[in-house]
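The values are calculated or read from the model by the stated rules, or taken from the named source; none is laboratory data. Keep in mind the model is a prediction, meaning the values are calculated, not measured. As a convention, Cβ positions derive from the backbone with ideal geometry for all residues, glycine included, and neighbour counts pool all protein chains shown. Each accessible area value is taken on the protein alone, full model and side chains, heavy atoms only, with ligands, DNA and RNA left out. Shrake-Rupley method; radii C 1.70, N 1.55, O 1.52, S 1.80 Å.
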Amino acid sequence: LALYVVRDKGDKSEEMMSGQTFHPGDRLRFLVDTPQAGYVRIIGQEHSGNLYACYPASEAATAPSVPQGKRIVLPTAVELDHTLGREWLHYLHCSKPLAHGEIHLKAGQLQHPSSCRKVSFLLHKRPRQARSP
């Protein structure tokens, strides 16, 4: 089980590592390793604790089925908002369909059904440095 985060930079992209610095406005795409076919959801968790949907992009959508495989490209991208600080991306791989409403925080920890496994990725969101002339 693995989550790969790719930052698009114009006409090229770079694979990022958990814990690296990101900036408001960065555009991210996701690839996943799945140990077996199942249902995939990626949830963002802001520093404040607010949760938001990354994949599928709508909280109303049920997690889509994904086949077993390595580095499966998810057909979505997200743009980071202007909230700064530590932010987590949680990749949930479940044996049953998963609705966004089944996920919540308890004492700052993401809670999810036992039919799911989770991998997390840390973003440090900081403002962009002004370029010197």
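If I ask for residues that are in contact (Cβ under 8 Å) with a residue 40 or more places away in the chain, surrounded by 16 or more Cβ atoms within 10 Å (Cβ to Cβ), charged (D, E, K, R) and assigned to a strand (DSSP E or B), which ones from segment 12-63 would you list?
R29, R41
In segment 64-77, is there at least one residue being in contact with a Phe, Trp or Tyr (Cβ under 7 Å, 6 or more places away or on another chain), in contact (Cβ under 8 Å) with a residue 40 or more places away in the chain and over 26 Å from T21 (Cα atoms)?
The answer is no; no qualifying residue exists.
For segment 70-81, which residues satisfy the criterion of being assigned to a strand (DSSP E or B) and either among the β-branched types (V, I, T) or open to solvent by less than 20 Å² (accessible area, probe 1.4 Å) (or both)?
Of segment 70-81, the ones assigned to a strand (DSSP E or B) are 70-79.
I72, V73, L74, T76, V78 - these are the residues of segment 70-81 that are assigned to a strand (DSSP E or B) and either among the β-branched types (V, I, T) or open to solvent by less than 20 Å² (accessible area, probe 1.4 Å) (or both).
For S18, state whether it is at pLDDT below 95 and in contact with a strand residue (DSSP E or B) (Cβ under 6 Å, 6 or more places away or on another chain). Outline the logic, then answer.
On the way: at pLDDT below 95: no; in contact with a strand residue (DSSP E or B) (Cβ under 6 Å, 6 or more places away or on another chain): yes.
Taking the combined requirement at face value, the residue does not satisfy it.
Filter segment 50-65 down to the residues that are modelled with pLDDT of 90 or more and in contact with a His (Cβ under 8 Å, 6 or more places away or on another chain) and list them by number. Explain how you work it out, then say what you get.
Our first condition is that a residue be modelled with pLDDT of 90 or more; within segment 50-65, this holds for 50-56, 65.
Answer for segment 50-65, where residues must be modelled with pLDDT of 90 or more and in contact with a His (Cβ under 8 Å, 6 or more places away or on another chain): L51, A53.
Output the number of residues of segment 82-103 satisfying the condition of being open to solvent by less than 60 Å² (accessible area, probe 1.4 Å), outside any helix (DSSP H, G or I) and of a type outside the set (F, W, Y). It would help to see each step written out before you state the result.
As a first pass, look at segment 82-103 and keep what is open to solvent by less than 60 Å² (accessible area, probe 1.4 Å): 83, 85, 87, 89-94, 98-100, 103.
Then drop every residue that is not outside any helix (DSSP H, G or I), which leaves 83, 85, 87, 89-94, 98-99, 103.
Restricting the remaining residues to those that are of a type outside the set (F, W, Y) gives 83, 85, 87, 89-90, 92-94, 98-99, 103.
Looking only at that region, the number is 11.
If you go through segment 104-133, how many residues are open to solvent by 80 Å² or more (accessible area, probe 1.4 Å), under 16 Å from N50 (Cα atoms) and not in a strand (DSSP E or B)?
Selection size over segment 104-133: 1.
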